[in-house]
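Data first, discussion second: the structure below is written as structure tokens.
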Amino acid sequence: FVIRPPDASKASAFKPAPVASFFIMHPAMAAGSLAGIEPPDLQLRIFHAADQPSLQHWLIAAGLAPGTGGAGIKAYRSGAVSGLEVCPQTLIAPGCSVYVLGRGLVYQMTPGTLEGERILRSFSLLP
């Protein structure tokens with residue numbers, strides 16, 4: 001897989017602004033004519049967690065929770081991590097994002113393909 005940063009203009013438009021942002025793509029897709037148009041296998045954005053008491057509070061304060069009061073947020077657990085899954089109210093690609101809190105950072109992972117979902121399931125925080 002190839003790891004690339006997103007287009008700088010698109011990354012700067014995201015609110016809240018991530019500390020870091022990456023696309024993980026199959027090499028054939030990264031080199032193809034649709035690179036940058038097709039969703040990557042996995043999008044990864046990393047944010048400062050700020051002083052919120054929980055991941056759900058952070059999502060609401062950041063404006064990343066759909067609806068009001070955290071409706072549309074559900075628990076996520078896979079392998080060595082647990083977090084929250086947030087699905088958009090509209091069914092447009094990419095779909096649901098998983099958020100994981102660790103070491104003062106919030107990790108947002110959004111799979112765009114089945115391979116991206118497999119990569120997401122392998123995610124873990126290093127000690």
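Assorted remarks:
- Full-stretch length increase - Ile46, Cys87 - with 0.36 nm per residue and alpha-carbon distance subtracted: 13.0 nm
- Peptides ranked, highest mean first, by Cβ atoms within 10 Å: ranges 53-59, 96-102: 96-102, 53-59
- Simple spin-label estimate for His26 and Arg4 in nanometres, 7 Å along Cα-Cβ: 1.5
- Net +/- balance of residues flanking Ala62 in space, Cβ distance below 12 Å, scoring K and R +1, D and E -1: +2
- Inter-probe distance in nm under a simple model that places probes 7 Å from Cα toward Cβ, at Arg77 and Ala17: 3.8
Any read-out appearing in this document is the output of simple, stated calculations on the displayed coordinates, not a laboratory observation. Because the structure is predicted, anything quoted here is derived from the model rather than measured. Cβ coordinates were reconstructed from backbone atoms using ideal geometry, including for glycine residues, and neighbour counts include every protein chain displayed.
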